[in-house]
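Report on one structure; see the data block that follows.
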Amino acid sequence: MKKRKNKRMHLSDPQPLEYVIGPEDTLKVMKKGTEVSCKLVEVLINSGKGVVGMCAAVFGLAKATVLIKKLMERRGFDITGIYDDVTLFFEEYAETEECKECFEKHGL
């Protein structure tokens, strides 16, 4: 009896994401992404008062970012570059005056 080879993609060997979208689709993604980010910011800001609320917001955002990365890996795509860019953005944004003013405004 012959063994059947599994032709599925292996999770340990994700393929690079090479999906090219046109200008119209890029605009749609940016518009929808802006709407989603506004809702996300609203949820994060209203996650509670003080340090506990801030920690809950950061923890939730970190979990969502990792979840997206893991889901993409399961689909066979390598989004490490995008993931690294996002984490770098969070690190840099946390040091800006805008972020510090937002924290102070909401008592964080």
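Which residues, taken from region 21-49, are in contact (Cβ under 8 Å) with a residue 40 or more places away in the chain and touching a Gly at 6+ places or on another chain (Cβ under 7 Å)? Spell out how you get there, then give the answer.
Restricting attention to region 21-49, the residues satisfying the condition of being in contact (Cβ under 8 Å) with a residue 40 or more places away in the chain are 45, 49.
Listed by number, the list holds a single entry, 49.
Quick one: residue 47 ticks every box in (1) more than 22 Å from residue 82 (Cβ to Cβ); (2) modelled with pLDDT of 60 or more; (3) exposed (fewer than 11 other Cβ atoms within 10 Å of the Cβ) bar one, so which box is it?
It is condition (3) that residue 47 fails.
Contact list please: Cβ distance under 8 Å, first residue in region 66-90 and touching a residue at least 60 places away in the same chain (Cβ under 8 Å), second residue open to solvent by less than 90 Å² (accessible area, probe 1.4 Å) and assigned to a strand (DSSP E or B), pairs at least six apart or on different chains.
Short answer, once both residue conditions are applied: 76/15; 77/15; 77/16; 78/15; 78/16.
I'm trying to understand the selection: among the residues of region 50-70, which are open to solvent by 90 Å² or more (accessible area, probe 1.4 Å) and among the aliphatic types (A, V, I, L, M)? So that I can check it myself, show each step before the final result.
The first filter runs over region 50-70 and keeps only residues open to solvent by 90 Å² or more (accessible area, probe 1.4 Å), leaving 51-52, 58-59, 63, 67-68, 70.
Across region 50-70, the qualifying residues are 51, 52, 58, 67, 68.
So for region 64-76 (the condition being modelled with pLDDT under 80, over 30 Å from residue 107 (Cα atoms) and in contact with a helix residue (DSSP H, G or I) (Cβ under 8 Å, 6 or more places away or on another chain)), does at least one residue qualify?
Among the residues of region 64-76, not one is modelled with pLDDT under 80, over 30 Å from residue 107 (Cα atoms) and in contact with a helix residue (DSSP H, G or I) (Cβ under 8 Å, 6 or more places away or on another chain), which makes the answer no.
The values are calculated or read from the model by the stated rules, or taken from the named source; none is laboratory data. If you're wondering where the values come from, they're calculated on a predicted model, not measured in any experiment. Glycine gets a Cβ as well: all are built from the backbone with ideal geometry, and neighbour counts include every protein chain shown. Heads up: the accessible areas ignore ligands, DNA and RNA and are worked out on the full protein's heavy atoms, side chains in. Shrake-Rupley method; radii C 1.70, N 1.55, O 1.52, S 1.80 Å.
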